[in-house]
1. Go ahead and run the numbers for FRET between residue 92 and residue 44, Cβ-Cβ distance against an R0 of 35 Å, rounding to 0.05.
2. Let me have the relative contact order for the stretch 2-79, percent, based on Cα pairs under 8 Å that are six or more residues apart.
3. Would you calculate a helix-derived [θ] at 222 nm for the chain, using -39,500 (n - 2.57) for each DSSP H run of n ≥ 4 and dividing by the full residue count, to the nearest 500?
4. Take residue 3 and residue 22, extend 7 Å from each Cα along the Cα→Cβ direction, and tell me the distance between the two endpoints in nm.
Amino acid sequence: MTSQAIEGACAFAWRNYLLLHSSVSEDDNRRSALFRYVTNLRDTGENDFNLLQIAAVAYLKKMDELHDDRCARLAADQALAERLESRKRKTRHLALGLPRSKQPW
């Protein structure tokens with residue numbers, strides 16, 4: 001499952017990236033950088049396929065904005081952390097049985 005999750009998340013992000021950037025070739029350096037980034041995330045213990053996809057898309061977006069791999073990694077990590085925090089809040093509210101009107105989403 002590990003390599004499938006990495007490859008699936010990268011394939012999803014890369015396909016969407018190519019749809020938005022028709023001038024980018026299939027074997028662009030950003031693709032290998034994306035794979036390294038997602039592999040590193042997986043190696044740090046992130047197993048959730050959906051979160052890996054979110055991180056992959058965020059990474060490519062930040063690479064375009066910042067033109068720097070290290071900064072893109074940090075920005076994508078921040079986006080992932082925000083998503084995890086949002087998920088925790090949602091889970092906490094559901095566990096507490098708060099009515100929908102009190103839920104922050």
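No value in this document is a laboratory result; all are computed from the given coordinates. The structure presented is a predicted model; accordingly, all values stated were derived computationally and were not measured. Note: ideal-geometry Cβ built from the backbone for every residue, glycine included; neighbour counts use all protein chains shown.
1. 0.90
2. Numbers: 70 pairs, mean separation 26.7, N = 78.
Relative CO of the stretch 2-79 lands at 34 percent.
3. Values: 4 runs with 80 residues, N = 105.
Rounded to the nearest 500, the figure is -26000 deg cm²/dmol.
4. 3.5
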